[in-house]
1. How many angstrom lie between the Cα centre of the stretch 262-314 and the Cα centre of the stretch 25-49?
2. For the chain, with a Gaussian network of springs between Cα atoms less than 10 Å apart, report the residue from Ala259, Ala302, Ala165 with the top mean-square fluctuation.
3. Give the lysines reachable from Lys127 as a straight Cα distance under 25 Å; neighbours fewer than 8 places away on the same chain don't count.
4. Okay, helix-only estimate at 222 nm for the chain: each DSSP H run of n ≥ 4 adds -39500 (n - 2.57), divide by all residues, round to 500 deg cm²/dmol; what do you get?
5. Tell me which residues come under 5 Å, amide H to amide H, from Leu287 once H is placed; ignore anything under 5 positions away on its chain.
6. Taking Lys228 as the anchor, which aspartates and glutamates have their alpha carbon closer than 12 Å to its alpha carbon, excluding any fewer than eight residues away along the same chain?
7. If packing is taken as the average count of other Cβ atoms within 10 Å, what order do 77-84, 241-248 fall into, highest mean first?
Amino acid sequence: MNLTELNKIATAMVAPGKGILAADESSGTIKKRFDAIGVESTEENRRDYREMLFRAKDAMSQYISGVILYDETIWQNAKDGTPLVKLIEQAGAIPGIKVDEGTQALPLCPGETVTVGLDKLAERLKKYYECGARFAKWRAVIDIGSGIPSMTAISVNAHALARYAALCQAAQIVPIVEPEVLMDGDHDIERCYEVTQRVLNKTFQELRVQRVALEGMVLKPNMAISGKKCPKQASVEEVAEKTIRLLKACVPAAVPGIAFLSGGQTDEEATAHLNAMHKLGPLPWGLTFSYGRALQAAPQKAWSGKPENVAAGQRAFSHRARMNGLASKGEWQSSLEQKAA
Ligand code: 13P
C-alpha cells in the first residue's frame, strides 16, 4: 500500500469547491428513478442518461471531484465508443466504483440488515483498478425504529465496512466508508444524533482494529437530522451545529475528508445544510457532498429520456453541482437558486 498516493486521492476527492457525484444506483434503484420520469430502464437508456451527466463539461470540470459508478457503468462505452470512464477522466474527475452487493436480512435481528459482498472482493478490486477506479464505496444501512438499531446490527456492519476498507487500501483504492443511518421514520434529531454517534464510534473502532489507515479513506455519513416523519423538524442551523459537533466528537482529524449522502433531503435542503456547516469553520477535515438524489433529481426530470432534452438535463445538473460546489466553501446563498429558476 502506498499511503501517500491514497492520501493524495482522498484529499482531491474533497477539494474545496468540489464534491462527489453518486451515480452508482443499482439496476433496481435506477429503475425506480426512471419509472418516476416515464423512462424504460434499458441498458442503453441507462448509458445515455449517465453519458449526459459525464459530458456536462462545466459541472464535471469545475464542481465534481469524482464519480461513483455502478458495475454495469464502469464497463460501458459512450455512444461514440469512448469508455464512460475516459469521459470522467477527461473532465478531470476521478472514477470510483460501488463494490458492496446490497443488503440482506440480518438473522435473529428482525427488521435489520447487513451489507454483503466481501467474498471475491479482492479479485474484483484488482479488475476495477485496471479499469481506472481509484476509489470505492460500501454502504451499510442502519434503520432507526422501535427497539432498533441493535448493537448486533451496528457491530456486524462496522466489521464489514472495515474489512472492505482494508481490502481497498491493499488494492491501492481509497475506500469511501458509508455507514448510513436512515432518515426514514418519526424520530427526532436527538435520536439521530445518538444513534449516529454509536455507529461512527463502532465504525472507527473496527477500522483501527483492522489496521485501516485513516489518512487514506473518506467518510460518507448522514447528517444529524430529524426523521422525515418527525413532527418537529430541526432548522438548518440546528442540523449544521449538531452535525459538526457530532463529527468533531467521532471523526479523527487524520481522516482527510467527509462527504455527505443526501439521504432523501430535498435538493435545496442538502445544499443549505452543507453551506451552514462551513459557516461554523475552521474544520479539521475537508467537508463536502457525495450526493445521489440531491444532484440528479433535477436533471432526471429535465431530461425525461428525450434526446432533445440533453442540453436542458446538463444545465439542470450543472446548476445543482455549482450550488453544492459553492456550499462546500460556505459561499452559497438561496438567492442564487431563485436567479437560476
Ligand atoms: P443519496 O444522496 O441519494 O442519499 O445517495 C448517496 C449514496 O450514494 C447513497 O449510498
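A short reminder: the numbers here are calculations on the coordinates, not readings from a lab. Everything quoted here is computed from the prediction, not taken from an experiment. Neighbour counts are summed over all protein chains in view; Cβ atoms, including those assigned to glycine, are modelled from backbone coordinates with ideal geometry.
1. 19 Å
2. Residue with maximal mean-square fluctuation among Ala259, Ala302, Ala165: Ala302.
3. Lys8, Lys79, Lys86, Lys98, Lys137, Lys220
4. About -15000 deg cm²/dmol.
5. Those lying under 5 Å, H to H, from Leu287 are Ile258.
6. Qualifying aspartates and glutamates at Cα under 12 Å: Asp184, Asp186, Asp188.
7. On the way: 77-84: 13.4, 241-248: 19.1.
Descending mean neighbour count gives 241-248, 77-84.
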